[in-house]
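A.B. asks: Questions regarding the structure given below will be posed in turn.
The values are calculated or read from the model by the stated rules, or taken from the named source; none is laboratory data. Predicted model, so just to flag it, every value in this text is computed and none were measured. Note that we place each Cβ from the backbone using ideal geometry, even for glycine, and neighbour counts take in every protein chain shown.
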């Protein structure tokens, strides 16, 4: 876990099987492509329940491994649940090289 200027995210949970297990998750569940079917059948995907619990534990986001085709374990996505222009949820995107443009 680390604290940014305005929010706290967890960066080890999604890549640590023991930490995932504490939330009844594993990397297979994070990569599960049936998340939409889970929502249709039970109203919530396992990954949504995981995020909801992290929110309850005062996390504002999660660094999670990318599971897109040809990604490596070092490819990460930042998932944020709450952000805004004012503290404590202030988020400023720095795009110096313009890949987001």
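A.B. asks: Does region 1-25 hold any residues that are out of contact with any helix residue (DSSP H, G or I) (no Cβ under 7 Å at 6 or more places or on another chain) and at pLDDT below 80, and which are they?
C.D. replies: 1, 2, 3, 4, 5, 6, 7, 8, 9, 11, 15
A.B. asks: Which number in (1) touching a strand residue (DSSP E or B) at 6+ places or on another chain (Cβ under 9 Å); (2) part of a helix (DSSP H, G or I) marks the one condition that residue 59 misses?
C.D. replies: It is condition (2) that residue 59 fails.
A.B. asks: Just to be sure, is residue 41 surrounded by fewer than 13 Cβ atoms within 10 Å (Cβ to Cβ) and outside any loop (DSSP other than H, G, I, E, B)?
C.D. replies: Working: surrounded by fewer than 13 Cβ atoms within 10 Å (Cβ to Cβ): yes; outside any loop (DSSP other than H, G, I, E, B): yes.
When the stated conditions are applied, residue 41 passes them.
Conditions tested, residue by residue: (1) touching a helix residue (DSSP H, G or I) at 6+ places or on another chain (Cβ under 6 Å); (2) modelled with pLDDT under 85; (3) more than 17 Å from residue 13 (Cα to Cα).
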{"position": "54", "(1), (2), (3)": "no, no, no"}
{"position": "60", "(1), (2), (3)": "no, yes, no"}
{"position": "72", "(1), (2), (3)": "no, no, yes"}
{"position": "75", "(1), (2), (3)": "no, no, no"}
{"position": "83", "(1), (2), (3)": "no, yes, yes"}
{"position": "86", "(1), (2), (3)": "no, yes, yes"}
{"position": "91", "(1), (2), (3)": "no, yes, yes"}
{"position": "94", "(1), (2), (3)": "no, yes, yes"}
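A.B. asks: A follow-up question, please. Limited to region 44-89, what total is found for residues that are over 20 Å from residue 19 (Cα atoms) and surrounded by 11 or more Cβ atoms within 10 Å (Cβ to Cβ)?
C.D. replies: 7
A.B. asks: Hey, another quick one. Can you name the residue in region 25-38 that is touching a residue at least 24 places away in the same chain (Cβ under 8 Å) and part of a helix (DSSP H, G or I) and is also farthest from residue 68 (Cα to Cα) among such residues?
C.D. replies: Across region 25-38, the extreme among qualifying residues is 27.
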